[in-house]
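Each reported figure results from applying straightforward, stated rules to the coordinates on display, with no laboratory input. Because the structure is a prediction, the values reported are computed rather than measured. All Cβ positions, even for glycine, are placed from backbone atoms using ideal geometry, and neighbour counts span all protein chains on display.
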Amino acid sequence: MKLQAIAERLGCQLVGDGSIEIHRVAGLEEAGPGDLTFLSNSKYQSLLRSTRASAIIISKDAPPVEITTLRTPDPYLAFAQSIDLFYFPPEPRPGIHPTAVISKTAQLGRNPRIGPFCFVDEAVSLGDNAVLYSHVVIYRGVRIGNDFVAHSHVSVREYSEIGERVILQNGVVVGADGFGFAKTPGLNYRKITQSGRVILEDDVEVQANSTLDRAAIGETRIRRGAKIDNLVQVGHGSCVGENSLLCAQVGLAGSTKIGKNVILTGQVGVAGHCTIGDNVVATAQTGIPSDVAPGRMVSGYPAMDNKRWLKCSVLFSKLPEISRSLSKIQQTLDHLISKGSSG
C-alpha cells in the first residue's frame, strides 16, 4: 500500500515521499525497508538513528527526522489503526459447520459463522454476524447481541446477557458459579445455589482464560467498553465500570464495585465488598482491603498513596541498618538514664 493512501486512511499529515510502498508495520528495532514503524514513547527516541524503516508515525509536535513521517496527535492510536490495514485474522467459513450442534429453539441472526464442535443450547438468542470458533459452548437462555466473537473453548453459562461487539478470547468462562458455601452445624459446607446472572455490556473484551462468576442472587456486570486481560477473576456480584482496564491476574473478590476509567495493573487484588472510585490507578501487585476514593493512584499492601509507597519502598532495603542504629541509640539512652539514676 502506498504511504500516501495510508496517511489518508489514518488521517495523518504526510511529510516526505508518499509514493513509498509499505508492506507491513514493525517496531523500531525490527523494521526494515518497506516497513512502517512508530514512536510514541520518548525513551525510545535514540532508536530513530538506527531504524531501517521506510517511514514512521510520530507525534505532530516531534522534531524533524530523516525518514518520511506520518504526523498525528496520537501516534499510538494511529499505529493501532495501521495494523488493521495489513493484518486480517482468519475466521470460520460462513455458515454452520456440520459438526456443530444447534438447538432447534435457538435463534440465530444473519451471517453466522459457527465452527467445528460448537454447541448452542435451547432458547439462545444470537445476533447478526456472530463468529464462534471451534468448541464454543453457549448454555440455555443466553442472549447475545450483534458482532459477537468467541474464540475456541469459550463457555457462556445459562441466562447470561452479552451486548454488541463483544469479544471473548480463548478459554473465557462467563457465568460459572460464584464461590458460595454456607457452613453447616456439622462444620461441613453446603453449596449455595448461584441463581444470578452475568451481563456484559457493549464493546467489552475479555482475554484468555479469565472467569466472570455469577452470584447467588442479583448480577455480575461488566459495563460498556471495559477490557479484561488474561487470567483475571471477577468474583460473584461484582461490577466493573465503563472503560476500565483489569490487567493480567487481577482478582476481584465478591461484590466489588469498580468505577469508570479505573486501571488495575498486573496482580492487583481487591477484597470483597470494596468500592473503587472513578479514575483510580492501582500499580502492580497492590492489595486493596478497603474503599479507594476517586482519582487516586495507590500502591503496595495495604494500598496507600503511590508517592508514599515509593518513599517507603526506598527504606525497605535499609531497615536492618536502621534497626541496628535505633538499638544502639536505645542502649545509649538506657545507659545514660541508668547512670543518672545511680548518681
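Table for the structure above
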{"quantity": "The range 3-83 shape via C-alpha gyration tensor axes, a/c threshold 1.5", "calculated": "rounded"}
{"quantity": "Rounded to the nearest 20 debye, dipole of the chain from Cβ charges on Lys, Arg, Asp, Glu", "calculated": "1100"}
{"quantity": "DSSP-loop trypsin sites (Lys or Arg not before Pro) across the range 287-343, with at most 14 other Cβ within 10 angstrom", "calculated": "K318"}
{"quantity": "Rounded D (µm²/s) - the range 173-302, Kirkwood Rh over Cα pairs, Stokes-Einstein at 10 °C, 1.306 mPa s", "calculated": "109"}
{"quantity": "Shape of the range 285-343, Cα gyration tensor, a/c cut at 1.5", "calculated": "prolate"}
{"quantity": "Check: the range 92-153 dipole with +1 on Lys, Arg Cβ and -1 on Asp, Glu Cβ, in debye", "calculated": "80"}
{"quantity": "Label assignment, Rg/Rh (Cα atoms, Kirkwood Rh) derived from the structure, set (i) 0.97; (ii) 1.13; (iii) 1.16", "calculated": "(ii)"}
{"quantity": "Added length on full extension, which subtracts the Cα-Cα distance from 0.36 nm per residue, T105 to F316", "calculated": "69.7 nm"}
{"quantity": "For the range 119-142 and the range 209-267, distance of Cα centres in Å", "calculated": "23"}
{"quantity": "Mean Cα-pair separation over length for the chain, i.e. relative contact order, pairs under 8 Å, 6 or more apart, %", "calculated": "6"}
{"quantity": "Packing-based exposure ordering (other Cβ within 10 Å, fewest first) of H236, H97, H335", "calculated": "H335, H97, H236"}
{"quantity": "Cα shape, the range 92-153, gyration tensor, a/c 1.5 rule", "calculated": "rounded"}
{"quantity": "Where only alpha carbons of the range 108-186 are counted, the Rg and the Dmax (Å)", "calculated": "14.2, 55"}
{"quantity": "Out-of-range pairs (alpha-carbon distance over 31 Å; input K2/K60; K43/K311; K311/K339; K260/K311)", "calculated": "K311/K339"}
{"quantity": "Sum of -39500 (n - 2.57) over DSSP H runs of 4+, divided by residues of the chain (222 nm, nearest 500)", "calculated": "-5000 deg cm²/dmol"}
